[in-house]
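One structure is given here, and the rest of the page talks about it.
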Amino acid sequence: MMNITKENTVAEIVSKKLGSDHVFSKYKIDFCCGGGVTLENACKEIGIEFNVLKQEIEALNSKISGENDLNDLDISSLIDQISEEYHNYIEENLPQIMPIAAKVAQVHGGHAKEVVEINTLLQAVEVVLVEMLKNTETTLFPTIGSVLELNNKFDEISTDQIDGIKKAINKTEIAQQLVSDTFKEISKLSTHYTVPADGCNSFRFLYEKLHELDHQLQKYVHFNKHVFFPKVLKLIA
């Protein structure tokens, strides 16, 4: 059982404590691209006592299912989880969000300029997300699969395979940083997805779905950056 300390990084906790991502989101602590920061520094930055954060994480973790260490999964299982939990979610939900964002921008853009900016940002990030998933599914996963088929004969891994994996990972990391930065801006524009008092149902639906998508993408980036990619790079080292 992992004991949470001030020296643990945010990324370590998300990997080992199920539900901790929700606590970090509550306090607006970046757990994907900024996951390398220690809990001590994260608490100082947002002005919260470490023990308060720790108790919330432990309480939620215990309530959900106890310990859950993603690092215990093998690469094939990690690939399955990425496809089933993250890729499927993005592919199902993004097409629902885009037309609503365009509608809200068209109807409310005259008095709520932020929704016009949000719609523009979403259109740009949609292109990045679609290309990122395509790169992962058609290049990265198949190349990793070909390496795993060598049955631990790692001396037979070709230079092309290694270069292909590294290039695909690098391409994905660049895309993930762009996605993360874009959603930080969307969150800021929407006052952290706060629906205006006079917001219609479409407005409410949009902000709820954007908040949900933001959270899922943070989990996805964390999963890749702190769990999946390190394990794959270790495999081909």
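The values are calculated or read from the model by the stated rules, or taken from the named source; none is laboratory data. Everything numeric in this text was worked out from a predicted model, so none of it was measured. Cβ: placed from backbone, ideal geometry, glycine included. Neighbour counts: every protein chain shown. Please note that ligands, DNA and RNA were not included when accessible areas were found on the heavy atoms of the full protein model with its side chains. Shrake-Rupley method; radii C 1.70, N 1.55, O 1.52, S 1.80 Å.
Full extension of the chain segment joining SER158 with ILE46 gains 35.6 nm, where the gain is 0.36 nm per residue of separation less the Cα-Cα distance.
Strictly over 32 Å apart at the Cα level, which of LYS28/LYS171; LYS17/LYS44; LYS184/LYS231; LYS17/LYS113; LYS16/LYS134; LYS44/LYS113 would you flag in this model? As for pairs spanning more than 32 Å Cα to Cα, those are LYS17/LYS113; LYS44/LYS113. Given a cut-off of under 8 Å on Cα pairs at least six residues apart, what relative contact order in percent is computed for the chain? Relative CO of the chain lands at 26 percent. Here the sum of -39500 (n - 2.57) over DSSP H runs of 4 or more residues, divided by the residues of the chain, equals -21500 deg cm²/dmol at 222 nm, to the nearest 500.
The residues neighbouring ILE97, those whose beta-carbon lies less than 14 Å from its own, together hold a net charge of -3 under the Lys/Arg +1, Asp/Glu -1 convention. With the convex hull of the Cα atoms taken as the outline of the chain, the averaged projected area works out to 14.1 nm².
The angle between the Cα long axis of helix 88-108 and the main principal axis of the chain comes to about 20°, on a 0 to 90 degree scale.
Of the whole protein surface, SER187 contributes about 20 Å² of accessible area at a 1.4 Å probe radius. Between SER187 and ARG204, the simple spin-label model (points 7 angstrom out along Cα→Cβ) gives 2.4 nm.
Among residues other than ILE186 with Cβ under 11 Å from its Cβ, the summed charge is -3 (Lys and Arg +1, Asp and Glu -1). Computing FRET efficiency as 1/(1 + (r/R0)^6) for GLU212 and GLN177, where r is the C-beta to C-beta distance and R0 is 25 Å, gives about 0.75.
Using the Karplus relation 6.51 cos²θ - 1.76 cosθ + 1.60 with θ = phi - 60°, the per-residue 3J(HN,Hα) values for the range 23-36 come to 5, 5, 5, 4, 9, 6, 9, 5, 10, 9, 5, x, x, x Hz, with x marking Gly and Pro.
Take the convex hull of the alpha carbons in the range 69-143; its mean projected area over all directions comes to 6.2 nm². Given +1 at the Cβ of Lys and Arg, -1 at the Cβ of Asp and Glu and no other charges, the dipole of the chain around its Cα centre is 500 debye to the nearest 20. Placing a pseudo-label 7 Å from each Cα along the Cα-to-Cβ vector at LEU233 and GLU7 gives an inter-label distance of 2.3 nm. Principal-axis analysis of the Cα atoms of the chain puts helix 50-64 at an angle of about 80° to the longest axis.
A probe of 1.4 angstrom, applied to the heavy atoms of all protein chains, finds TYR27 with accessible area near 50 square angstrom.
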